[in-house]
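Asker: Just passing along the structure, written as structure tokens.
The values are calculated or read from the model by the stated rules, or taken from the named source; none is laboratory data. Since the model is a prediction, treat every value here as computed from it, not as a measurement. Note: ideal-geometry Cβ built from the backbone for every residue, glycine included; neighbour counts use all protein chains shown. Note: areas computed on protein heavy atoms with side chains; ligands, DNA, RNA excluded. Shrake-Rupley method; radii C 1.70, N 1.55, O 1.52, S 1.80 Å.
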Amino acid sequence: MKLAFSTLGVPGLPLPDVLRLATAHGYHGVELRAHPEEPVHPGLGSAERADVAAEFKGSGVEILGLAGYARVAAPGDDEPVLAEIRSLLDLARDLGAPYIRVFPGGDLDLQTPEEADATAARRLGTAAEYANDLGVRILLETHDSHRTAADAMRVLGLVGHRQVGALWDVMHTWLGGEQPSETYAALSPHLGYVQVKDIASAEDTTPLPLGEGVLPLAECVEVLSRHGWDGWLCWEYEKRWYESAPELPGLLGPGREHLSRLLNDSA
């Protein structure tokens with residue numbers, strides 16, 4: 001498996017510094033938070049996009065994916081959501097990124113679960129054709145209204161398109177009560193990559209260094225290894241939302257070492 005980290009852990013950090021961190025600490029790739037407050041986002045012009053692609057190519061670090069914020073199950077008109085997805089897909093194509101991340105974002109105060117599923121599936125099915133033309137996959141993250149693999153599969157089963165898959169966030173499936181073996185069994189035909197992290201408890205989700213919390217990271221890696229999965233593990237350290245959390249750069253080396261140990265033990 002290859003290792004990456006998300007720029008959610010280094011909010012606003014200039015891209016050359018992000019790439020230096022990746023190469024210095026032995027990470028193969030970076031997941032880019034595609035938000036206007038970050039250096040890389042859909043508002044970039046063509047020359048800026050070319051510069052970003054060239055910087056990554058020159059560093060030898062891969063762009064794992066673009067973490068977008070489109071909410072595919074949210075109530076409302078389809079077109080604004082589809083436009084947001086298309087803008088992410090265009091950026092991914094220009095940068096050479098294989099994936100974009102979208103959230104479910106259903107509102108079960110305003111929708112039944114069936115309505116949320118149908119809304120997400122309709123939008124993803126429409127966007128899938130555009131994604132197919134660009135050679136980029138859309139990944140639905142296990143998150144918010146659809147935090148377990150069982151939830152996500154209700155949507156993916158309706159979509160049935162190879163360009164739409166799943167992003168496994170290990171915190172949300174754990175909070176939803178799923179065992180890693182159950183999550184993998186459900187998502188494996190659709191799995192793009194896996195986001196790892198650690199937290200103190202279900203009540204305190206402040207990010208911790210990998211291995212210092214309660215999330216079943218060893219079990220997740222063991223399940224993936226046992227099934228011969230050879231994709232990406234991406235450390236999503238949520239520094240942007242927890243300003244008091246320790247700075248990520250000082251944790252990247254020990255984090256990579258912890259993941260490497262888990263990989264060696266599972267082998």
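Asker: In contact with a Pro (Cβ under 7 Å, 6 or more places away or on another chain), open to solvent by less than 60 Å² (accessible area, probe 1.4 Å) and farther than 16 Å from residue 233 by Cβ: which single residue out of 21, 32 fits that description? Show your work before the answer.
Answerer: Numbers: 32 fails: in contact with a Pro (Cβ under 7 Å, 6 or more places away or on another chain).
Unique residue meeting the criteria: 21.
Asker: Let me ask something additional. Can you find even one residue in segment 13-26 that is touching a helix residue (DSSP H, G or I) at 6+ places or on another chain (Cβ under 6 Å), within 30 Å of residue 226 (Cβ to Cβ) and either hydrophobic (A, V, I, L, M, F, W, C) or in contact (Cβ under 8 Å) with a residue 40 or more places away in the chain (or both)?
Answerer: yes
Asker: Step by step: first the residues of segment 35-49, then only those that are hydrophobic (A, V, I, L, M, F, W, C) and open to solvent by less than 60 Å² (accessible area, probe 1.4 Å), then the one that is farthest from residue 195 (Cα to Cα). Which residue is that? Break it down stepwise before answering.
Answerer: In the first step, residues of segment 35-49 are kept if they are hydrophobic (A, V, I, L, M, F, W, C); the result is 40, 44, 47.
Now drop any that are not open to solvent by less than 60 Å² (accessible area, probe 1.4 Å), which leaves 40, 44.
Numbers: 40: 20, 44: 26 Å.
Only one residue fits best here, namely 44.
Asker: Does residue 100 satisfy being under 22 Å from residue 166 (Cβ atoms) and touching a residue at least 60 places away in the same chain (Cβ under 8 Å)?
Answerer: On the way: under 22 Å from residue 166 (Cβ atoms): yes; touching a residue at least 60 places away in the same chain (Cβ under 8 Å): yes.
For residue 100, the condition - under 22 Å from residue 166 (Cβ atoms) and touching a residue at least 60 places away in the same chain (Cβ under 8 Å) - is met.
Asker: Taking segment 66-84 only, how many residues are buried (at least 18 other Cβ atoms within 10 Å of the Cβ) and part of a strand (DSSP E or B)?
Answerer: From segment 66-84, those buried (at least 18 other Cβ atoms within 10 Å of the Cβ) are 66-68, 70-74, 81-82, 84; that's our starting set.
Retained after the next criterion (residues that are part of a strand (DSSP E or B)): 66-68, 70-71.
Matching residues across segment 66-84 total 5.
Asker: Please work out which residue is surrounded by the fewest Cβ atoms within 10 Å (Cβ to Cβ), limiting yourself to segment 218-241 and to residues that are touching a strand residue (DSSP E or B) at 6+ places or on another chain (Cβ under 6 Å), within 17 Å of residue 171 (Cα to Cα) and of a type outside the set (Asp, Glu). Steps first, answer last, please.
Answerer: The first filter runs over segment 218-241 and keeps only residues touching a strand residue (DSSP E or B) at 6+ places or on another chain (Cβ under 6 Å), leaving 231-238.
Imposing the further condition that a residue be within 17 Å of residue 171 (Cα to Cα) reduces the set to 232-238.
With of a type outside the set (Asp, Glu) added as a condition, the list becomes 232-235, 237.
Values: 232: 21, 233: 27, 234: 25, 235: 26, 237: 26.
Once the filter is applied, the top-ranked residue is 232.
Asker: Let me ask another. Against the condition closer than 18 Å to residue 72 by Cβ and open to solvent by less than 10 Å² (accessible area, probe 1.4 Å), how does residue 121 come out, does it pass? Lay out the reasoning, then the answer.
Answerer: Working: closer than 18 Å to residue 72 by Cβ: yes; open to solvent by less than 10 Å² (accessible area, probe 1.4 Å): no.
No, not satisfied.
Asker: Name the residues in segment 176-207 that are more than 19 Å from residue 157 (Cα to Cα) and touching a Lys or Arg at 6+ places or on another chain (Cβ under 8 Å), would you?
Answerer: Hits for segment 176-207 are 176, 207.
Asker: Name every residue in segment 239-266 that is part of a loop (DSSP other than H, G, I, E, B) and in contact with a helix residue (DSSP H, G or I) (Cβ under 6 Å, 6 or more places away or on another chain), in order of residue number.
Answerer: We begin by selecting, within segment 239-266, every residue part of a loop (DSSP other than H, G, I, E, B); these are 242-248.
Hits for segment 239-266 are 245, 248.
Asker: Right, next: Name the one entry in 218, 202 that is more than 17 Å from the chain's Cα centre (by Cα), aliphatic (A, V, I, L, M) and under 23 Å from residue 113 (Cβ atoms).
Answerer: Numbers: 218 fails: under 23 Å from residue 113 (Cβ atoms).
Sole residue among the options that is more than 17 Å from the chain's Cα centre (by Cα), aliphatic (A, V, I, L, M) and under 23 Å from residue 113 (Cβ atoms): 202.
Asker: Kindly list, by first and then second residue, each pair from a residue in segment 195-209 that is farther than 25 Å from residue 166 by Cα to a residue that is of a type in the set (S, T, N, Q) and open to solvent by 40 Å² or more (accessible area, probe 1.4 Å), limited to pairs with Cβ atoms under 7 Å and residues at least 6 apart or on different chains.
Answerer: Pairs found: 200/206.
Asker: Continuing with this model, one more query. Taking segment 144-174 only, how many residues are among the β-branched types (Val, Ile, Thr) and touching a residue at least 60 places away in the same chain (Cβ under 8 Å)? Give the derivation first.
Answerer: Step one: list which residues in segment 144-174 are among the β-branched types (Val, Ile, Thr), which gives 148, 155, 159, 164, 170, 173.
If we keep only those that are touching a residue at least 60 places away in the same chain (Cβ under 8 Å) as well, we get 155.
Residues that pass the stated criteria total 1.
Asker: Further question on the same structure: Quick check on my filter: what residues within segment 186-217 are in a loop (DSSP other than H, G, I, E, B) and open to solvent by less than 40 Å² (accessible area, probe 1.4 Å)?
Answerer: Just the residues of segment 186-217 that are in a loop (DSSP other than H, G, I, E, B), to begin with: 197-198, 200-206, 208-216.
197, 198, 201, 205, 209, 210, 213, 215, 216 - these are the residues of segment 186-217 that are in a loop (DSSP other than H, G, I, E, B) and open to solvent by less than 40 Å² (accessible area, probe 1.4 Å).
Asker: Within segment 50-81, work out how many residues are within 20 Å of residue 193 (Cβ to Cβ) and touching a Ser or Thr at 6+ places or on another chain (Cβ under 8 Å).
Answerer: The number of residues fulfilling the criteria is 5.
Asker: Report, by residue number, each residue of segment 147-175 that is open to solvent by 30 Å² or more (accessible area, probe 1.4 Å) and over 25 Å from residue 127 (Cβ atoms).
Answerer: Answer for segment 147-175, where residues must be open to solvent by 30 Å² or more (accessible area, probe 1.4 Å) and over 25 Å from residue 127 (Cβ atoms): 174, 175.
Asker: Would you be able to tell me the number of residues in segment 98-118 that are touching a helix residue (DSSP H, G or I) at 6+ places or on another chain (Cβ under 8 Å), crowded, with 17+ Cβ neighbours inside 10 Å and not acidic (Asp, Glu)?
Answerer: 7
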